[in-house]
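*Asks:* Before I ask anything, let me first share the structure, which is written out below as structure tokens.
The values are calculated or read from the model by the stated rules, or taken from the named source; none is laboratory data. Values in this document were obtained by computation on a predicted structure and should not be read as measured data. Note: ideal-geometry Cβ built from the backbone for every residue, glycine included; neighbour counts use all protein chains shown.
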Amino acid sequence: MVENADERGGDGLEFSVGTKEKSPVSVDENDDEVNGGVITISDEDLDLYNEWIDSCRSRFDDLEGIIVGVDGTDEPEDVIANIRREIHTIKGESGVFGLESAQRICHEAETAIDRCLESGCQFPTDTALAVVDWLKEYLLSPTSDVSKVPSSTDALLIQISEVGGSGEVSD
């Protein structure tokens, strides 16, 4: 668990611990790092962030199991709706912590699922699993640094854009 910037020694999340009035998390927009810069989390909210990261571990494992089993279910539409809802939740929670890259990947995944449902194409199991793998790498890796996106990001965005025939990544 991260308790402050010094504990990770620069190998992980960079925190500027302090109090913010409007939001528990803010991003230094003037920093040149990818994803808007250094994430600032107040002392009180650092525990909340660490709890969220811990909960993501089991949620991602559960989500992988659901995704793998979608083709073998009697009511795939309900299962796909649950997958989309979980991705939507992760998107929102990522936004609370200023994790714009995770938010974007989840948004694109939601959009791809919607396109797939509308066009009647087969659920993109491989792409959905790739999204979960990307989220794990970005958020859960012991060397995770959320100011830098995984190198697989562009390829994943292209893979997501091809689901349901769009071929375009939204801005």
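*Asks:* State which residue is farthest from Pro124 (Cα to Cα) when the search covers only segment 24-77 and only residues that are acidic (Asp, Glu) and modelled with pLDDT of 90 or more.
*Replies:* Going through the qualifying residues, I end up with Glu51.
*Asks:* Against the condition over 30 Å from Leu48 (Cα atoms), at pLDDT 90 or above and surrounded by 15 or more Cβ atoms within 10 Å (Cβ to Cβ), how does Val131 come out, does it pass?
*Replies:* Considered against the rule, which asks whether it is over 30 Å from Leu48 (Cα atoms), at pLDDT 90 or above and surrounded by 15 or more Cβ atoms within 10 Å (Cβ to Cβ), Val131 comes out as no.
*Asks:* Restricting to segment 104-123, count the residues that are crowded, with 19+ Cβ neighbours inside 10 Å and in contact with a Gly (Cβ under 8 Å, 6 or more places away or on another chain).
*Replies:* Total meeting the criteria: 2.
*Asks:* Just checking, which of Glu108, Glu100, Glu86, Glu93 is closer than 18 Å to Leu135 by Cβ, touching an Asp or Glu at 6+ places or on another chain (Cβ under 9 Å) and among the charged types (D, E, K, R)?
*Replies:* Exactly one of Glu108, Glu100, Glu86, Glu93 is closer than 18 Å to Leu135 by Cβ, touching an Asp or Glu at 6+ places or on another chain (Cβ under 9 Å) and among the charged types (D, E, K, R), namely Glu86.
*Asks:* Follow-up. Look through Gly98, Gly18 and report the one residue that is at pLDDT 50 or above and assigned to a loop (DSSP other than H, G, I, E, B).
*Replies:* Gly98
*Asks:* If the Cβ limit is 9 Å and pairs must be 6+ apart or interchain, which residue in segment 149-167 that is buried (at least 18 other Cβ atoms within 10 Å of the Cβ) and small (Gly, Ala, Ser) pairs with which residue that is assigned to a loop (DSSP other than H, G, I, E, B) and at pLDDT below 85?
*Replies:* Once the first residue is buried (at least 18 other Cβ atoms within 10 Å of the Cβ) and small (Gly, Ala, Ser) and sits in segment 149-167, its partners that are assigned to a loop (DSSP other than H, G, I, E, B) and at pLDDT below 85 give Ser161/Gly167; Ser161/Glu168; Ser161/Val169; Ser161/Ser170.
*Asks:* Hey, can you tell me all the residues within segment 82-99 that are surrounded by fewer than 17 Cβ atoms within 10 Å (Cβ to Cβ) and farther than 14 Å from Val70 by Cα?
*Replies:* Answer for segment 82-99, where residues must be surrounded by fewer than 17 Cβ atoms within 10 Å (Cβ to Cβ) and farther than 14 Å from Val70 by Cα: Arg85, His88, Thr89, Gly92, Gly95, Val96.
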